[in-house]
Structures are given as C-alpha cells and as structure tokens.
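*Asks:* Supplied in structure tokens, the structure appears directly below.
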Amino acid sequence: MSRSLSSRLRPLRPAAFGADPAGERLARILSSPNFEDGSFQNPVGARTRPAGSMIEFAKVFLAKEGRVRRAPMGVVPVHPTTLADLAKPPASGLRLTWMGHSSVLAEIDGRRVLFDPVWGERCSPFSFAGPKRLHPVPLPLAALGPVDVVVISHDHYDHLDLPTIQALADTDTLFAVPLGVGAHLEHWGVPADRLRELDWHESTQVAGLTLTATPARHFCGRGLRNEQHTLWASWVVAGPEHRVYHSGDTGYFPGFKDIGAEHGPFDATMIQIGAYSDFWPDIHMRPEEGMRAHLDLQGGPGGGPMLPIHWGTFNLAPHPWAEPGEGTLSAARQAGAGVALPCPGEPFEPAAETLPAQPWWRGVATRPEGGWPEGEDRATGTTPGDRVGAGSGEQEAVPAV
C-alpha cells in the first residue's frame with residue numbers, strides 16, 4: 001500500500017486501533033537501543049506469530065470437547081464485598097486486588113497503582129465481536145476511586161482497552177507506558193503531560209513511587225499491520241517500604257534473574273500464567289514457567305508470594321479454562337513457594353499469615369478426566385486460609401494476545 005493511500009485510509013480505521021508514533025516520539029523509538037531493523041527486538045529470539053498452519057490451530061481450537069473445557073460451566077465467583085474491603089487501608093501497607101485477567105489494583109505505601117485495566121466487555125477493537133468477558137468486573141471503574149498512576153504493559157486489546165482508557169482520561173491519574181504506546185493514549189484524549197513513556201531500564205517518579213520499565217519477551221500491535229513500533233514491558237514499582245513486579249505478557253527468558261538481582265526481592269510478583277499454547281511457546285508462559293520466573297525474580301522460594309494473572313477472564317487459547325489455576329497450584333507446591341489464589345475482586349495483603357488458597361475455579365470448571373488431585377475436596381480443594389506452597393515456614397480466539 002502506498003504511503004499516500006495509507007494516509008487517505010487512516011481516518012477510516014476504528015478508533016480502537018489507536019495511532020502510529022510520530023514526531024519526537026518516533027525519533028525516540030528510532031534511537032532506542034532496543035529498536036533494530038525497523039522494529040523493537042526481544043531480549044532473546046522469539047517467534048511472534050503462531051507456529052504451524054492456521055488450519056491446524058483451527059482444528060485444535062474448534063474441537064467440540066476442547067470448546068467445552070475452555071469455558072466455565074457455571075457462574076464464575078466474584079468477590080461480593082470488594083468496594084467495602086477497599087475502603088479500609090491495608091494494615092501492612094501493601095494490598096493487591098486482582099480484578100481479572102491482568103488487571104490488578106496495587107495499594108502500595110499509601111499510593112494506588114492500577115495495572116493493565118480492562119473494564120470493557122470484549123478485548124477487541126469491535127463491540128460486537130471478539131473474546132467476551134467470562135465474569136463481570138468486581139466493581140464499576142467509577143467506584144474504584146482515585147488512582148495515582150495507571151501502568152500499561154503493552155498495547156494488545158486485552159491489556160490496553162479503549163473505553164477504560166477514555167474513562168480514566170477524565171480523571172487526574174498519570175499513565176506509565178512503554179515507549180510508543182503513548183501515541184494511542186494521546187489519540188484517545190489523554191493529555192501529553194500526564195504520560196510517562198519509558199524504554200526498558202528507564203524509570204520515572206510518581207507520587208513517591210519509582211516505576212521502572214523492565215524487559216519482557218512478547219510483541220505489540222493493534223491494527224491491520226504489526227510494525228513493532230510500540231514497546232512491550234514488564235514493570236517494577238517501588239515505594240518507600242514495598243516493591244512489586246508485574247510481568248505483563250511474556251515468554252520465559254533468562255532476564256528474570258537480572259531483573260530480580262537489580263530490583264528485587266519483591267513483596268509480591270504478578271506473573272502471567274494463562275493463554276499459552278504450543279502454537280506460540282515463546283511469548284506466553286505456562287504455569288510452571290511462570291513459577292520459574294517468580295523464583296528467578298525472588299532469588300529462590302523465599303520472599304513475597306506470586307499472584308497468577310492473565311487467566312480466567314477471557315477465552316484466548318486452546319487450554320482448558322481451569323488449567324492455569326491448577327498448574328499454578330501444583331507448581332507452587334513443588335517449588336515450596338508462596339502463591340495467592342484470590343477469586344476476582346478479592347483483596348489480599350501479601351504479608352498476611354494466610355493467603356487466599358482455595359481453588360475456587362473447581363466449583364464451576366469441567367472436571368478433568370482423571371479428577372482433581374487426590375486428597376483434596378473436589379469443590380474447594382485446600383482448606384480456606386492455607387498459605388499454598390509455604391511448607392518451609394513461609395468465544396473466539398485471538399492467538400498470542
């Protein structure tokens with residue numbers, strides 16, 4: 001397509017596609033040490049398009065038995081008192097509330113950080129098509145209250161949601177985003193002076209917090225073309241007393257150890273463990289890989305717990321709906337690491353003696369052929385309040401989003 005024709009068609013594309021970086025923003029991108037040969041590069045090589053043919057993928061994804069297992073069989077439990085619970089300050093100074101998928105509210109040292117907020121009904125550029133939410137948001141966005149900073153990991157639809165950003169644009173919150181992503185936000189009404197746009201290893205100060213963009217192994221793109229002109233990132237947020245890590249979307253890579261050595265250990269990690277597949281093994285982690293990343297970041301099984309994210313809310317991959325939760329539970333026990341397993345909207349403090357530990361998904365998931373693991377109640381699994389892994393004393397698919 002010629003540049004002139006592309007320019008003429010640009011006004012016709014959906015607003016959700018966002019905008020292309022230009023001007024000083026594009027100049028920063030072109031001079032980035034992570035930009036080479038016309039696109040941002042991963043820290044280690046990664047295939048960013050599904051391996052194998054789309055016909056093979058369709059056979060797997062559309063198989064009748066698989067379709068049944070990829071969705072909950074009943075109503076997904078959502079914490080009923082999220083709003084009332086959030087009205088009380090965290091006793092320890094750090095509290096996390098998983099809102100579903102990769103959206104997490106972190107209350108850290110008196111400040112509020114909202115990671116990858118997606119309040120829309122679909123993660124799609126269209127309101128009438130695309131993966132639809134499998135459970136409601138725990139509370140309306142307007143009821144969430146003031147947020148000091150919104151942190152975005154990358155520009156895929158299940159992490160950067162147009163209606164959510166437009167609603168937040170009317171507040172006073174700041175936005176911390178990877179390099180290039182600011183073009184989308186400005187296009188949607190976020191003033192440039194409320195953007196903090198970072199390359200990997202760059203930091204910014206917001207309300208007494210230090211936010212650092214750290215590497216991840218993924219890719220970007222919202223429109224019909226994927227020019228890799230927006231960066232993807234994981235994030236470290238450090239306050240005077242606490243620090244947390246959010247993985248965004250990423251495949252496993254050795255750089256987790258480097259991030260942990262420089263910025264850790266963490267009071268909690270939020271790690272992607274869902275929407276994985278053999279069709280895209282380099283850019284999303286399986287639960288055992290997510291636990292390996294957590295251990296790398298923490299320098300071992302000690303330190304704060306892992307909160308599994310990027311699962312349970314949207315149907316984005318061929319694996320059974322409950323598999324990421326089960327896999328994380330198993331990986332935590334094998335590693336002897338702490339893990340929190342809240343249902344959507346359930347706040348918890350990582351420093352608490354007990355963490356959410358019930359496999360709440362079992363009550364609404366298709367039972368595996370071999371049943372749930374032996375010795376556990378099929379509906380609830382572990383005893384409420386167990387600190388999992390701390391035995392040492394502590395409808396449509398969008399591939400690769």
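The values are calculated or read from the model by the stated rules, or taken from the named source; none is laboratory data. In this text the structure is predicted, and so the values were computed from the model without any measurement. So basically every Cβ, Gly included, is an ideal-geometry build from the backbone, and we count neighbours across all protein chains shown. Areas reflect the complete protein model, heavy atoms only, side chains present, ligands, DNA and RNA absent. Shrake-Rupley method; radii C 1.70, N 1.55, O 1.52, S 1.80 Å.
*Asks:* Exactly one condition in (1) open to solvent by 20 Å² or more (accessible area, probe 1.4 Å); (2) out of contact with any Lys or Arg (no Cβ under 6 Å at 6 or more places or on another chain); (3) within 21 Å of Gln272 (Cβ to Cβ) is not met by Lys132; state its number.
*Replies:* (2)
*Asks:* How many residues are under 26 Å from Phe256 (Cβ atoms) and assigned to a strand (DSSP E or B) when one looks only at segment 186-201?
*Replies:* 3
*Asks:* Which condition from (1) modelled with pLDDT of 95 or more; (2) open to solvent by 10 Å² or more (accessible area, probe 1.4 Å) is the one that Gly223 breaks?
*Replies:* Condition not satisfied by Gly223: (1).
*Asks:* Now for a different question. Does any residue in segment 29-47 that is within 19 Å of Phe253 (Cα to Cα) come within less than 9 Å, Cβ to Cβ, of a residue that is open to solvent by less than 30 Å² (accessible area, probe 1.4 Å) and of a type in the set (Val, Ile, Thr) six or more places away or on a different chain, and which pairs are these?
*Replies:* Hits for this filter: Phe35/Ile29; Phe40/Ile29; Phe40/Thr230; Asn42/Ile283; Ala46/Ile283; Arg47/Ile283.
The rows are residues; the columns are (1) touching a Cys at 6+ places or on another chain (Cβ under 6 Å); (2) under 19 Å from Leu297 (Cβ atoms); (3) assigned to a strand (DSSP E or B); (4) not hydrophobic (A, V, I, L, M, F, W, C).
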residue: His184; (1), (2), (3), (4): no, no, no, yes
residue: Thr204; (1), (2), (3), (4): no, no, yes, yes
residue: Val236; (1), (2), (3), (4): no, yes, yes, no
residue: Gly260; (1), (2), (3), (4): no, yes, no, yes
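*Asks:* Still on this structure: If Ser234 satisfies every condition in (1) open to solvent by 40 Å² or more (accessible area, probe 1.4 Å); (2) polar (S, T, N, Q); (3) in contact with a Pro (Cβ under 8 Å, 6 or more places away or on another chain) but one, which is the exception?
*Replies:* Looking at each condition in turn, Ser234 falls short on (1).
*Asks:* Tell me, yes or no, whether segment 87-107 has at least one residue that is within 24 Å of Gln358 (Cβ to Cβ), over 21 Å from the mean Cα position of the chain (by Cα) and surrounded by 15 or more Cβ atoms within 10 Å (Cβ to Cβ).
*Replies:* Yes, that holds for at least one residue.
*Asks:* Yes or no: Ala351 farther than 16 Å from Glu288 by Cβ, of a type in the set (A, V, I, L, M) and open to solvent by 50 Å² or more (accessible area, probe 1.4 Å)?
*Replies:* So Ala351 passes the test.
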